[in-house]
1. Starting from the Cα-Cα distance between R33 and L192, subtract it from 0.36 nm times their residue separation and give me the gain in nm to one decimal.
2. At H222 and E147, where each label point lies 7 Å from the Cα along Cα→Cβ, what is the point-to-point distance in nanometres?
3. When you take every Cα atom in the chain, what is the radius of gyration, and what is Dmax, the widest Cα pair distance, in Å?
4. Could you give the angle, 0 to 90 degrees to the nearest 10, between helix 176-190's Cα long axis and the longest principal axis of the Cα atoms of the chain?
5. Counting only C-alpha contacts under 8 Å and six or more residues apart, can you give the relative contact order of the chain as a whole percent?
6. Roughly speaking, what % of Cα-Cα pairs in region 11-79 are separated by over 20 Å, rounded to a whole number?
7. Grab the beta carbon distance between R176 and T45, set R0 = 41 Å, and tell me the FRET efficiency rounded to 0.05.
8. For S132 and M81 in one chain, what is 0.36 nm times their gap in residues minus the Cα-Cα distance, to one decimal in nm?
Amino acid sequence: MSPSRHPSKNPSAMKMVGSLLALFRTAAGYTQRALADRLVLAEATIAAIEQGRRPLLPDLAQAMDQLLQTKGALAVAVANMPEIDQFPLWAESYIKHEREAIALSLYANQALPGLLQTWAYAEAVFRERVPSYDEDEIATKTAARIERQAILHQKNPPTVSFVIWEPVLGLRIGTRTTQIEQLRHLRECAQLPCVSLQILPLDSAHHAALDGPFVLLETPDHQHLAYTETQRGSQWVADRNEVSILARKYAMLRAQALTPDHSLGLLDGLLGER
């Protein structure tokens with residue numbers, strides 16, 4: 001069964017709605033067990049909602065409003081619950097630019113770029129997060145990451161170049177099946193008309209980006225930007241000199257990496273298909 005794609009809700013708002021439900025339930029003369037029986041639910045479900053540990057979904061809110069005669073109050077509260085941010089503010093800014101970009105260049109040396117990840121791989125990445133996400137957050141963030149990949153399949157996709165350091169392909173993220181499916185997906189993405197995929201081999205004598213991963217981005221009005229992420233956060237780079245330095249690094253990376261055709265051959269070898 002695929003993970004739920006209901007948006008995760010703000011914990012404070014969930015507690016508020018849960019308290020409201022408890023108030024209405026008590027005023028109507030129902031115990032948690034009695035209300036659960038009338039709605040054909042487990043008593044534990046009612047308890048979890050009232051304690052703010054489980055979101056009240058719209059259909060159930062409407063049924064409760066009818067039963068408790070609360071004139072739609074719960075449904076209105078649920079409809080106006082703020083969602084957990086799928087991305088921090090700095091990432092939201094990047095994703096907006098990513099969606100509108102006419103060209104993207106990405107260097108990865110830790111994990112595969114989100115634009116290339118399968119659902120299982122992305123989910124496994126989020127499960128490695130410390131402190132950990134709960135199941136709803138993992139499902140929401142995984143779905144959001146996969147949805148970003150639509151730019152590669154739209155009518156007028158951006159021109160996208162990836163350079164990936166070879167050790168990333170060997171990382172055991174998730175199960176062995178996840179790893180194999182990810183490599184196959186990577187090969188499929190590499191053959192999209194808008195995509196260039198190059199692998200920087202482990203035995204390369206040169207490496208122009210030992211300082212870490214980065215993204216170069218060209219906007220529709222031809223502004224050139226760069227974006228970097230670290231353990232401590234992220235940074236937009238708009239200064240032309242700094243963007244130029246990263247662009248020159250990327251040009252060197254492409255020269256040091258395998259050609260797209262040889263990169264496909266390396267993927268075939270990892271998949272045992274050569």
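Quick note: the coordinates plus some simple rules give every number you see, no bench work behind them. These numbers come from a predicted model, not from an experiment. Note that each Cβ is placed from the backbone with ideal geometry, even for glycine, and that neighbours are counted across all protein chains shown.
1. 51.7 nm
2. 3.4
3. Computed over the Cα atoms of the chain, radius of gyration and Dmax are 23.7, 76 Å.
4. 60
5. Computed over the chain, the figure is 18 percent.
6. 12
7. According to the calculation, E is roughly 0.65.
8. Extending this stretch completely gives an extra 16.0 nm.
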